[in-house]
Amino acid sequence: MRPVRLALALGLAGLVAGCHPEDRAPPDPSAVNAERGRPQPAANETAALDGTLTYRQRMALPKDALVVMRLVDVSGGSSATTVVSEHGFLAQGQVPIDFRLPYDPSLVSPGYSYGLEAYIFVDGALWFMTPQPVAVLMQGAANDTQVLLEVATQPS
């Protein structure tokens, strides 16, 4: 009986470790073209996800804080995500921060699972991120998405 418990405990520990937020690679902030305000969709981007970002910490963001939003296909599990759309913008204020993420609906397949990832960078350092993708574009998922971010690193 004891080997079974040990195997179960190790299996659960591996599962939890596999879901750790640091396993997801955040975007490279220097590669994101940040815009001011809400983006206008390109010709092939005829749909958009709207919502609000917030975090619980009582911490002000500097004016140059970069927000990066990603729509990802999570159908392959936590280790295999495909970026469907990515958009960066300057926060221009404090939380809650409104966002709009345009995407091409032809890249979204029925029956697949999609999630929203959010990151806040300050001077190239990751300050906040979603601990896991927030479910979107699914039956029952809200159209106005509320995203709660967690501290990724301690700002200096």
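For the reader, a short list of remarks on this structure follows.
- For the stretch 40-137, average projected area of the Cα convex hull in nm²: 6.6 nm²
- Taking packing as the residue-averaged number of other Cβ atoms within 10 angstrom, the listed peptides 145-151, 81-87, 56-62, 109-115 run from highest to lowest as 81-87, 145-151, 109-115, 56-62.
- Measuring with a 1.4 angstrom probe and ignoring ligands and nucleic acids, Leu126 comes out at about 30 Å² accessible.
- Cβ-derived FRET efficiency at R0 30 Å, Ser113 paired with Gln92, nearest 0.05: 0.45
- Amide H within-cut-off set for Gly51, under 5 Å, with H built and near neighbours excluded: Phe99, Thr145
The values are calculated or read from the model by the stated rules, or taken from the named source; none is laboratory data. All figures in this text were calculated on a predicted structure; none of them were measured in a lab. Counting neighbours? That spans all protein chains shown, and the Cβs are built from the backbone with ideal geometry, glycine included. Just so you know, the surface numbers come from the protein's heavy atoms only, side chains and all, with ligands and any DNA or RNA stripped out. Shrake-Rupley method; radii C 1.70, N 1.55, O 1.52, S 1.80 Å.
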